[in-house]
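Read the structure below first, then the notes.
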Amino acid sequence: MYRLSKISSIYLYIAILQCISCSGALIAVEGTQKPVQTSIPSNQDVYDLQATRYRNLIEGSNYTKAIGQAIKDAAQTGGGIILFPGNTTVEISEAIIMENKISFASSTGIATIKCASGFKGSQMIAILSKEQLSFDHIRFDGNQKTNGIASYGKDNKNINIQYCEFVNFKAPYRRGTGIALQNTASVHIDPVS
């Protein structure tokens, strides 16, 4: 477990955690089939991306609109768990904007969020002055140009990244890192042992 109490204008490179592979930085065993054991509170509402409400927003393998709607729905009720289909790759065509008290989790195994061809933006997941966010059993597959999870603004708090993988990211000149956090307090990163 890695616990960081405050990050101020510093980019957290997964390389610091000594978890480097040739395809990017990893924080999990690729292809793990272990059951998901999340630390997400069981009293949170679950927004399953396979539910009809969200499935109707999926365009081929592009889940951008479905994820955005699930986040909006969860934010209206004070937060919740966005449940991704396990052992499946979902693509996004632009950054996913997080809201407070949102958790991403895989229904089983590990879910992959991948940048679609023609991805627009510089980060896959954008955190702007948010708190109580969790990412559990998710593989982030970048396009060699984006950041995976990036925080901006002030007062980002309580970011939990558990059993996640970051692949296909480069780290030249502060672009293309798996995790890039600024002005963030209370970060918890749990790699698979």
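The values are calculated or read from the model by the stated rules, or taken from the named source; none is laboratory data. Because the structure is predicted, anything quoted here is derived from the model rather than measured. Here the Cβ positions follow ideal geometry from the backbone for every residue, glycine too, while neighbour counts run over all protein chains shown. Please note that ligands, DNA and RNA were not included when accessible areas were found on the heavy atoms of the full protein model with its side chains. Shrake-Rupley method; radii C 1.70, N 1.55, O 1.52, S 1.80 Å.
Considering only residues of region 77-97 that are in contact with a helix residue (DSSP H, G or I) (Cβ under 7 Å, 6 or more places away or on another chain) and not charged (D, E, K, R), which is farthest from Gly142 (Cα to Cα)?
Among those residues, the one meeting the criterion is Gly80.
I need a count of the residues in region 135-166 that are outside any loop (DSSP other than H, G, I, E, B) and either without any contact (Cβ under 8 Å) to a residue 40 or more places away in the chain or open to solvent by 10 Å² or more (accessible area, probe 1.4 Å) (or both).
16
Taking Ile10, is it more than 16 Å from the chain's Cα centre (by Cα), modelled with pLDDT under 95 and surrounded by fewer than 20 Cβ atoms within 10 Å (Cβ to Cβ)?
Considered against the rule, which asks whether it is more than 16 Å from the chain's Cα centre (by Cα), modelled with pLDDT under 95 and surrounded by fewer than 20 Cβ atoms within 10 Å (Cβ to Cβ), Ile10 comes out as yes.
State which residue is surrounded by the most Cβ atoms within 10 Å (Cβ to Cβ) when the search covers only region 103-134 and only residues that are in a loop (DSSP other than H, G, I, E, B) and among the β-branched types (Val, Ile, Thr).
Among those that are in a loop (DSSP other than H, G, I, E, B) and among the β-branched types (Val, Ile, Thr), it is Ile110.
Please go through region 63-95 and give me each residue that is within 18 Å of the chain's Cα centre (by Cα) and open to solvent by 30 Å² or more (accessible area, probe 1.4 Å), ordered by number.
Of everything in region 63-95, those that are within 18 Å of the chain's Cα centre (by Cα) and open to solvent by 30 Å² or more (accessible area, probe 1.4 Å) turn out to be Lys65, Gly68, Gln69, Lys72, Ala75, Leu83, Asn87, Thr88, Thr89, Glu91, Ser93, Glu94.
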